[in-house]
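Down below is the structure, laid out as structure tokens.
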Amino acid sequence: MPSSSPLIVIPARMGSTRLPGKPLADLQGEPMIVHVWRRAVEAKAGPVVVACAEREIADAVARAGGKAVLTRADHPAGSDRVHEAVAQIDPARRHDVVVNLQGDLPTLDPAAVRAALTPLAHPAVDIATLAAPMREAWERESPAAVKIAASFAPGERIGRALYFSRALIPSGDGPHYHHIGLYAFRRAALERFVALPPSPLELREKLEQLRALEAGMRIDVALVDTVPMGVDTPDDLERARAILAKP
């Protein structure tokens, strides 16, 4: 494992605009947040904690045998919630890498969590993330599918992220990549990132990872084979239920 001591943190809050109460949405008899917590535990990449804004989320995680910490309710983004939780959990700074894992990825392959750590083997990398090849037309056309322009050497599965966009990038012939919003931060990089103000390109694209690029931080990306399904709407929830119901 590239890092000596990763910590996986899953930010969660009840106030989703398109799917209120999303973390506690029922999937196969368990809340969605518990499914995500289980996938993170199965990765065996480090301790897992849910950073939540509401007591009911913490209680659901505790009933499943997991650990959760309560954070302020007014954080502007998940990375800010993760940062507060890490300060609570690890004031002695035993963990040198923090994985920010979205709480709406119940079909996540646990191997993806481990893959997100691999780019950090290079000491110049501040943040690591994931991408998968685009195979469906809807991915290229939908602003909801975030695209990444990344430089991969022939035969390599780790490359440098050059830009993220909701538009299809880059132009010309060749593969396109769907960005997967899972981040492995070096501890110091997370602290620097949350202290930065929102950047112009971040506000324009509504993608907070652009704040890091605009500040000169290095983001490398590991290629994986599939994009985990994100649950953002009631229709997504029904699709996730169907996927998880399969034997």
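Annotations for the structure displayed:
- Residues satisfying the criterion are absent from the range 50-64 (criterion: on the phi > 0 side of the Ramachandran plot and among the charged types (D, E, K, R)).
- From the options Gly155, Gly230, Gly159, Gly181, residue that is on the phi > 0 side of the Ramachandran plot and not basic (Lys, Arg): Gly155
- Residues satisfying the stated conditions in the range 209-236, i.e. assigned to a helix (DSSP H, G or I) and more than 17 Å from Ala145 (Cα to Cα): Arg211, Ala212, Leu213, Glu214, Pro234
- Checked against (1) closer than 20 Å to Ser5 by Cβ; (2) touching a Leu at 6+ places or on another chain (Cβ under 7 Å); (3) polar (S, T, N, Q), Ser199 passes all but condition (1).
- Taking the criterion of being out of contact with any strand residue (DSSP E or B) (no Cβ under 8 Å at 6 or more places or on another chain), touching a residue at least 40 places away in the same chain (Cβ under 8 Å) and either hydrophobic (A, V, I, L, M, F, W, C) or not assigned by TED's automatic domain parsing to the domain that holds Gly155 (or both), the only residue of the range 195-229 that qualifies is Met229.
- Among the residues of the range 122-154, the ones that are assigned to a strand (DSSP E or B) and either within 15 Å of the chain's Cα centre (by Cα) or exposed (fewer than 14 other Cβ atoms within 10 Å of the Cβ) (or both) come to 9 in all.
Here's the yes/no breakdown for (1) modelled with pLDDT under 95; (2) closer than 19 Å to Val86 by Cβ:
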{"site": "Gln28", "(1), (2)": "yes, no"}
{"site": "Val34", "(1), (2)": "no, no"}
{"site": "Arg39", "(1), (2)": "no, no"}
{"site": "Val49", "(1), (2)": "no, yes"}
{"site": "Glu56", "(1), (2)": "no, no"}
{"site": "Asp59", "(1), (2)": "no, no"}
{"site": "Ala64", "(1), (2)": "no, no"}
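The values are calculated or read from the model by the stated rules, or taken from the named source; none is laboratory data. Here the structure is a predicted model, which means the values were calculated and not measured. Don't worry about glycine lacking a Cβ; one is built from the backbone with ideal geometry, like all the others, and counts go over all protein chains shown.
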